[in-house]
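Inspection log for the structure reproduced underneath, given as structure tokens.
The values are calculated or read from the model by the stated rules, or taken from the named source; none is laboratory data. Just so you know, these numbers come straight off a predicted model, no measurement behind them. Here the Cβ positions follow ideal geometry from the backbone for every residue, glycine too, while neighbour counts run over all protein chains shown. These accessible areas exclude ligands, DNA and RNA; they are computed on the full protein's heavy atoms, side chains included. Shrake-Rupley method; radii C 1.70, N 1.55, O 1.52, S 1.80 Å.
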Amino acid sequence: MDRLTPKNGYLYGSILFTQAGLKKSPTNWKNISFQNSPDKLMPAQWNLLLGFRKEFSPRCNASIGLIHSPYVQLWILYPFLNYSIVTNLDLDLFWQSFYGKSNGAFGVIGQTGFVRMKWSF
């Protein structure tokens, strides 16, 4: 599902099913691998994705996405910022925050950030 919004916005959503994924919350998230592969895109079996992308200028755009795995109680928040420094040279900032329920308590599982400079030719 996707929809263009007024003023250069883009709203999108999807459902992802992974046969090999988790069906319930683990007792300890540290034992779960977040390494993706073609047959296991997410650690959970069912995942709901909702996101929004906005272009602020021809050189700068940002997006924010939220993934929820309802049966596993996993939430992933991932904001993204892209800035075109010059033609064919972009700077990208990524962030991922993982939240989940473990041993009856809901909290932060982990967070990662990435910076990428990309030259297109």
- From (1) open to solvent by 60 Å² or more (accessible area, probe 1.4 Å); (2) polar (S, T, N, Q); (3) within 20 Å of L11 (Cβ to Cβ), pick out the condition that doesn't hold for N82. (1)
- Message: Quick test of your reading of the structure: A62 fulfils all but one of (1) touching a Pro at 6+ places or on another chain (Cβ under 9 Å); (2) open to solvent by 30 Å² or more (accessible area, probe 1.4 Å). Name the failing condition by number.
- Response: (2)
- Task: Among the residues of segment 46-71, count how many are under 19 Å from I109 (Cβ atoms) and either modelled with pLDDT of 95 or more or under 16 Å from the mean Cα position of the chain (by Cα) (or both).
- Result: 11
- Restricting the search to segment 79-95, which residues are modelled with pLDDT under 95 and not hydrophobic (A, V, I, L, M, F, W, C)? T87, N88
- Query: So which of G51, G13 ends up being touching a Phe, Trp or Tyr at 6+ places or on another chain (Cβ under 8 Å) and open to solvent by less than 40 Å² (accessible area, probe 1.4 Å)?
  - Reply: G51
- Task: Return yes or no: is I109 open to solvent by less than 80 Å² (accessible area, probe 1.4 Å), among the β-branched types (V, I, T), in contact with a helix residue (DSSP H, G or I) (Cβ under 9 Å, 6 or more places away or on another chain) and in a strand (DSSP E or B)?
- Result: yes
